[in-house]
Structures are given as C-alpha cells and as structure tokens.
Amino acid sequence: MEKKEVNKETFNRPDGVEVKLTAKSINIKGFLFFFILFLTGSYLFVYVWDEYSSFNAGLLLGTTIKGIISPKSLICTLLLVTFYTLLQAGVLYWFSGKDKKVLHWHSDWTSVGFIPTRPIPLKFYRVSLLLPGILLGIMPAIHGFCTGEANIFFLGLLGILGGTGDFLFWYSLRAFDDEDLLLAGKKAFQATIIKRNYGKND
C-alpha cells in the first residue's frame, strides 16, 4: 500500500502518515505575516476611513503597536488567548464525545491549549483549527473595518495572527480526506493521520 508525501514536513509511518510543522517555520511565517497583515491593514483602513497617505498609515500603525504593549491591551490579549483556547477546547470536547478524559493540556514555548488523546475524524479537527481564528480574528477584523473602529479592527488582526499556527497546520492537512483519523502528537502541530479512504488519497 503506497503512502504519498504531502509536503516537506510530512513523513510516512507504519501506522499512518505523520504531519508536523516545526516551531522555526511557524515563527518565520508568523513574523512575515505580522508585517504583511498589519502594514496592509493600516493602509487599507486609512484609505477607507481617513485621508489616505503613507504618513497617516504609519501613524495609525505606530499608535496601534504602541497601544498593543500597553497594560490594558496586554490584558485584552490575555483574554483573547484565553477565549481562543477555551473555544478550541469546547469544539474538541464536543466532537470527541463530550468526554473530558479525551482532552490533554499541552503547553510549551510555541503554543498552549488542549489536544485530543484519542483519534478524531479529521473533519472535526479542521473545525477546531479554523473556528477560533474565524470567530476571534477574521470576524472582529471585518466588523472593525466596516464600522471604522480601529481598535476592534486591529484586535481582530491580532486574533488572526494568534491563529497563524492553526491556519498553517490546517493547510498542511489539506490533502487528506475528511473521514481520515487524526491522532495528535506529543508536541504542538504534530499528528499522525490514519487513512480510512485510501482510494481517494492514493
């Protein structure tokens, strides 16, 4: 039975296909994404809601970054991370048969959160990867942009940035079928995919 490689960070195993993202790749992409997201976001926001100029865009970006490191913003960021983690845990809990023993707390310097200790259908795991970033990142960013609320807009961008690892991991799983099973690894953004629909993937 042939196993096919999905990308450079996908490896064949006797019990399935191992997919993992390294902390280095996530950090590099996240760092680049930060500048693209916030720089582009500043220009777009100023273009729509203010007199468009590089000075105004830079001023907005600088004010935002200065505001992010303020005590009030740090508290908001902590709350955002907490809600993100709880939302993701709730989705995993719901799709894992509502069994608390299925979830295991994981924390290291790359991420914190809950991971399932038993195999879970990939279609449900994909929801757990995308939903928090959509609800706490993309939707607030759209709302803030459409209403001209810069604080909400940039808070949404921060939520999107916080979900970078989840979005990248979701993207790395794109070649697998929804009915395949995912067994989370011991580290964040590592898992073994147990194929159930071989005809679709081979």
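What residue, of LEU130, LEU183, is out of contact with any Pro (no Cβ under 6 Å at 6 or more places or on another chain), modelled with pLDDT of 85 or more and not hydroxyl-bearing (Ser, Thr, Tyr)?
LEU130
Which of the residues belonging to the stretch 162-180 are part of a helix (DSSP H, G or I), modelled with pLDDT of 85 or more and open to solvent by 40 Å² or more (accessible area, probe 1.4 Å)?
Once the filter is applied, which keeps residues that are part of a helix (DSSP H, G or I), modelled with pLDDT of 85 or more and open to solvent by 40 Å² or more (accessible area, probe 1.4 Å), the stretch 162-180 yields PHE167, LEU168, TRP170, TYR171.
The values are calculated or read from the model by the stated rules, or taken from the named source; none is laboratory data. Given the structure is predicted, the values throughout are model-derived calculations rather than measurements. A quick note on method: Cβ atoms are made from the backbone with ideal geometry, for glycine too, and the neighbour counts reach across all protein chains shown. Accessible surface areas use protein heavy atoms only, side chains included; no ligands, DNA or RNA. Shrake-Rupley method; radii C 1.70, N 1.55, O 1.52, S 1.80 Å.
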